[in-house]
């Protein structure tokens, strides 16, 4: 049985006020949920190191990076980000972007790499938004292209919200194809233009949603012919998610991930997964939902 590479750091959790919409402990909650399963025995766990300012300047302005590093966000910037600055938030942000890059490198070597974080696709070049500080998807894709590890990358974003920051940061990158499959009437209010946007209506159920996923992954791969894929497996598509507007159940979430991962594996295209969005006051339920992508990865690749 093949081992699956997981990337995680114990400092991913951040301090937030009680009842904040973002679950501050979601990363450790997911890790401990996975530790209770047989998946844990089949995992190789690696910790990322912090990105530096020079690294991050490939996807973000140095002025903004320094604001995050030194706690210089003003009130308006913190409101837009949706998170209060703290030393721990800063440290986590520099770690998490490299977590996705590390998962990507492990995927390129081994077929798959799974990050217990990432999917911060609302972060823009010079500001944070929607609980996203730095854009790990844009950053990782640009670093991989820069290092010539791969030539063409598909970012396949299945979070319920559009990956607006990713689309704008990468708008002039011909070697990176951005596809966002999201709810039309959901955040952000003003959408960006991805290379391919699939806008879906509220209350979409398993059958119609999964058909869209099948057609979209096939189109992207056949049209763009990537040699690597970053897959945002946002779980906020779930019918019980507090910020989602779809009607997808546990089986639908699992089937989505199996469709994407199986399709890529059959074509020998390496894929790195990130957990993306997921919102619930019930931390245990949220952790179980986020664990679905790891179950799918184990099923397809082990």
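Bear in mind that the values in this text are calculations on the coordinates, not laboratory data. Computed from a predicted structure; not experimentally measured. Cβ: placed from backbone, ideal geometry, glycine included. Neighbour counts: every protein chain shown.
Over what distance in Å are the Cα centres of the stretch 258-288 and the stretch 186-256 separated?
Each part's Cα centre sits 11 Å from the other's.
Given the DSSP H assignment, sum -39500 (n - 2.57) over each helix run of at least 4 residues in the chain and divide by its residue total; what's the result at 222 nm in deg cm²/dmol, nearest 500? Display every interim value, and only then the final one.
On the way: 11 runs with 125 residues, N = 302.
Value at 222 nm, helices only: -12500 deg cm²/dmol.
Using the 10 angstrom Cβ neighbour count as an exposure proxy, how do 158, 179 rank, fewest first? Please list the in-between numbers first.
Working: 158 29, 179 24.
Starting with the residue having the fewest Cβ neighbours, the order is 179, 158.
For 44, 190, 145, 292, what ranking results if the residue with the fewest other Cβ atoms within 10 Å of its Cβ goes first? Kindly include the intermediate steps, with their values, before the conclusion.
On the way: 44 12, 190 6, 145 19, 292 23.
Ascending number of Cβ neighbours within 10 Å: 190, 44, 145, 292.
If we restrict to alpha carbons, what Rg and Dmax does the stretch 29-173 come to, in Å?
15.4, 45
Each label point is 7 Å from the Cα along the Cα-to-Cβ direction; what then is the distance between the points at residue 201 and residue 110, in nm?
Reported label-point gap for residue 201 and residue 110 is 4.3 nm.
Give the separation of the Cα centroids, the stretch 45-75 to the stretch 77-111, in Å.
Distance between centres, Cα-based: 9 Å.
Report for the chain the percent antiparallel among DSSP-assigned beta bridges with both residues inside it, nearest 5.
Details: 1 of 32 bridges.
In the chain, DSSP labels about 5 percent of beta bridges as antiparallel.
Quick one: grab Rg to one decimal and Dmax as a whole number for the stretch 93-134, Cα atoms only, in Å.
11.5, 34
For Cα pairs less than 8 Å apart in space and 6+ apart in sequence, what is the mean separation divided by the residue count of the chain, i.e. the relative contact order in percent? If you can, show how the numbers build up before the last one.
Details: 647 pairs, mean separation 62.7, N = 302.
Worked out over the chain, it gives 21 percent.
How would you order 206-219, 262-275 from highest to lowest mean count of nearby Cβ atoms within 10 Å?
On the way: 206-219: 15.5, 262-275: 20.1.
Descending mean neighbour count gives 262-275, 206-219.
How far apart, in nm, are the 7 Å Cα→Cβ label points at residue 250 and residue 17?
Roughly 3.4 nm, to one decimal.
Once you have the Kirkwood Rh of the chain from its Cα pairs, apply Stokes-Einstein at 10 °C and 1.306 mPa s and quote D in µm²/s.
Details: Rh = 18.7 Å.
Diffusion coefficient, whole number: 85 µm²/s.
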